[in-house]
Amino acid sequence: MFPSSNFSSPVLAARLPGWLPALVASALLAACGSGGRAPERGADTAAVQATRAAASAAETARAGASQPTPLPEAVVFASGMTLRMLAYAERVRVMPPTELTQEAGRLGDAASPEAQLQLSLVLSQLRQLPELIRAQELLARVLGNADAQALHPLARLLASRYSEQRRLEEQLEKQNQQLRDVQRRLDQTNERLEALKAIERSLTSRPPAAPASAPAAGRPRPAAP
């Protein structure tokens, strides 16, 4: 028996993780089975070694858990491309209309998905409904390209924004058309009113007609021949 090294004691078990006492007990049993009834000093040495090994394993496990898992290469590539696109969008946002037109001409047909996304950003800043429709078409081409998976999250975000912007642009265009119709009818009414005023002025500017003179009373009429 080993009274001085009983690792099933509640005090010692409370100081060790839940699985360490079982590991230490296994080490003690192995030591006893190999040499019969071992001395107390040998049992203590085996217990200390088992405890140290268990503590070292636990420390190694904790160190491995604390280290962050490296991101996949595809995620790193997508993050870098998204950051470049966001930086380009910020640069385009402050461009005047003349520079925006030049940038759209520089991008040309935009054959690559990256150029298509850049051109859509440029066209959206022109604040014209036809250009915004073209920007939506470019985003649809990017989303339909299976090789441009890295750009799809940003393209979906821009597509949602462009849809809302297009709705507002169409509503504004409709209101402007209604305003133009009202202005045209107002101009026509003013023209008719001016024509009536001209007729009225022409009537009031005529001199009054002279009354016909009546024959004098008592004047003899000339005799008939």
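Only protein heavy atoms count here; on that basis, with a 1.4 Å probe, Lys174 has an accessible area of about 130 Å². Stretching the chain fully between Ser202 and Glu173 yields a gain of 6.1 nm (0.36 nm per residue, less the alpha carbon separation). Arg134 contributes about 100 Å² of solvent-accessible surface, heavy atoms of the protein only, 1.4 Å probe. Taking 0.36 nm per residue of separation and subtracting the current Cα-Cα distance, fully stretching the chain between Asn190 and Leu143 would add 11.6 nm.
A simple packing score, the average count of other Cβ atoms within 10 Å per residue, orders the peptides 146-154, 181-189 as 146-154, 181-189, with the highest score first.
The values are calculated or read from the model by the stated rules, or taken from the named source; none is laboratory data. None of the values given here were measured: they were computed from a predicted structure. Neighbour counts are summed over all protein chains in view; Cβ atoms, including those assigned to glycine, are modelled from backbone coordinates with ideal geometry. Keep in mind that these areas ignore ligands, DNA and RNA; they rest on the heavy atoms of the full protein, side chains included. Shrake-Rupley method; radii C 1.70, N 1.55, O 1.52, S 1.80 Å.
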